Amino acid sequence: MAIDELFKAAVDQKASDLHIVVGMSPVLRIDGVLTEIKEQPKITKKAAADLIMPILSEKQKLIFEKDKELDLSYEIKTGHRFRVNLHVERQNLGLVARVISSDIPTIDEIGMPEITKKLLDTNQGLILMTGPTGCGKSTTLAAMINYINETRRAHIVTLEDPIEFLFKSNQSIIKQRQLHTDMITFSSALIHVLRQDPNVIMVGEMRDLSTVANTITIAETGHLVLATLHTHNAAQTIDRIIDIFPPHQQQQIRLQVSMTLKAVISQQLIPKKDGGRVATREVMTNTPAIANLIRENKIAQIKSVIQTSANEGMITMDQDLINLYNEGLITQEVAQSHMISPEMLG
């Protein structure tokens, strides 16, 4: 099969990812489970190159040859889009492609908590979307951007690597910028974005100290910033942000974060009882009690505040898992296997 046929097979079988690995048949991840396309032959080193290299432009080939890594977006004739990662393993080309839905879901359709709308209606501050790779952060972020697009007249600038969901300006103006083609680095784009008259800025990933510092500064200057991190919960997220800075700057950063942070929403995708997957989330909003813990570096106490602050829109992952179980969406076994305190669901 040609690469576009494999991409279409991923769409047709409702896979989330396609893997091209030398020595194996093409592999699809369906409902979180890796499944080889057995009717396809095992991929040789030459076949991998023949499949992968034609999707690259000459500039992309040069970048990949230099860095041995490349992220890009790709679209097939049906209009379906993919986020593609190319890499080298044991001197063989490898590819992982994430299927991007052509439809941007609403925040209600993906079960976002009601507090999300209140957070997105604000004009400034930092909202962090966190979770492991493959947990649906990009989809959730797209739903959040689209909510703003449908409810506010704002100028939204997204900084992405690569561009995934394609937005159409509605109430808002949306400009999407892609790493390597529209900007050199996230950090440099953040330095200049303030001169582009933005109201809302989406940072695809806070990868390094410079990007984190610039993101926090922009959130301080009267802009709403949405960003992602690969962390599992609110406490770990705060620690990760603070720890990326040298020790002599950390107290100042604690103060900045305590003032600019609006919320941390941490997400996982887990198996549903009747097939498919559902998101479970921890939500922490930055109340005066949380801000005080951040300033005083008492991060370990954040969890207990979340547990007792449901009236502020907060919920722990364990509490949300119990809710999903009580709603009949997941089994007790699945709930307990993802809980920090499984005895809560005795």
Filter pass, Ile216 being β-branched (Val, Ile, Thr) and without any contact (Cβ under 8 Å) to a residue 12 or more places away in the chain: no
Specify which of the listed residues (Ile265, Ile299, Ile290) is surrounded by 17 or more Cβ atoms within 10 Å (Cβ to Cβ) and over 23 Å from Ile218 (Cβ atoms). Ile299
So is Lys8 at pLDDT below 95 and either of a type outside the set (A, V, I, L, M, F, W, C) or more than 15 Å from Val99 (Cα to Cα) (or both) or not? no
Given the conditions (1) within 27 Å of Gln307 (Cα to Cα); (2) under 20 Å from the mean Cα position of the chain (by Cα); (3) hydrophobic (A, V, I, L, M, F, W, C), and given that Val203 satisfies all but one, which numbered condition is not satisfied? (1)
State whether one or more residues within the stretch 315-329 are over 30 Å from Asp31 (Cβ atoms), over 26 Å from the mean Cα position of the chain (by Cα) and without any contact (Cβ under 8 Å) to a residue 24 or more places away in the chain. no
Can you tell me which residue is modelled with the lowest pLDDT among those in the stretch 105-156 that are in a loop (DSSP other than H, G, I, E, B) and of a type in the set (Gly, Ala, Ser)? Gly134
Qualifying positions in the stretch 162-192 - farther than 28 Å from Asp103 by Cβ and either under 19 Å from the mean Cα position of the chain (by Cα) or in contact (Cβ under 8 Å) with a residue 24 or more places away in the chain (or both): Thr185, Ser187, Leu190
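Residues checked against (1) among the β-branched types (Val, Ile, Thr); (2) in a helix (DSSP H, G or I); (3) assigned by TED's automatic domain parsing to the domain that holds Ile163; (4) modelled with pLDDT of 95 or more:
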| site | (1), (2), (3), (4) |
| --- | --- |
| Pro198 | no, no, yes, yes |
| Arg207 | no, no, yes, no |
| Ile242 | yes, yes, yes, yes |
| Phe245 | no, no, yes, yes |
Provide a single number: the residues in the stretch 300-314 that are without any contact (Cβ under 8 Å) to a residue 40 or more places away in the chain and β-branched (Val, Ile, Thr). 2
Out of (1) surrounded by fewer than 22 Cβ atoms within 10 Å (Cβ to Cβ); (2) touching a Leu at 6+ places or on another chain (Cβ under 7 Å); (3) among the β-branched types (Val, Ile, Thr), the one Ile148 does not meet is (1)
Can you find even one residue in the stretch 177-193 that is assigned by TED's automatic domain parsing to the domain that holds Pro246, assigned to a strand (DSSP E or B) and not hydrophobic (A, V, I, L, M, F, W, C)? yes
Might you check whether a residue that is among the β-branched types (Val, Ile, Thr), surrounded by fewer than 17 Cβ atoms within 10 Å (Cβ to Cβ) and touching a residue at least 12 places away in the same chain (Cβ under 8 Å) occurs anywhere in the stretch 16-33? yes
Within the stretch 142-153, does at least one residue satisfy the condition of being among the hydrophobic types (A, V, I, L, M, F, W, C), out of contact with any strand residue (DSSP E or B) (no Cβ under 9 Å at 6 or more places or on another chain) and farther than 30 Å from Gly276 by Cα? no
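Condition check ((1) modelled with pLDDT of 95 or more; (2) within 22 Å of the chain's Cα centre (by Cα); (3) not in a helix (DSSP H, G or I)) across all residues:
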residue	(1), (2), (3)
Val212	yes, yes, no
Ile216	yes, yes, no
Val225	yes, yes, yes
Thr228	yes, yes, yes
Ile265	yes, yes, yes
Gly275	no, no, yes
Val305	yes, no, no
The residue from Thr280, Thr285 that alone is under 24 Å from the mean Cα position of the chain (by Cα), closer than 19 Å to Pro132 by Cα and among the hydroxyl-bearing types (Ser, Thr, Tyr) is Thr280
Looking only at residues that are among the acidic types (Asp, Glu) and part of a helix (DSSP H, G or I) in the stretch 307-346, which one is nearest to Val278 (Cα to Cα)? Asp320
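Taking strands (runs of 3 or more DSSP E) that do not extend beyond the stretch 17-82, which have at least 3 residues that are within 23 Å of the chain's Cα centre (by Cα) and closer than 26 Å to Pro132 by Cβ?
Per the criteria, 17-20, 27-30, 69-75.
The values are calculated or read from the model by the stated rules, or taken from the named source; none is laboratory data. Please read these numbers as outputs of a predicted model, since none were measured by experiment. In this analysis, Cβ positions are derived from the backbone assuming ideal geometry, glycine residues included, and neighbour counts consider all displayed protein chains.
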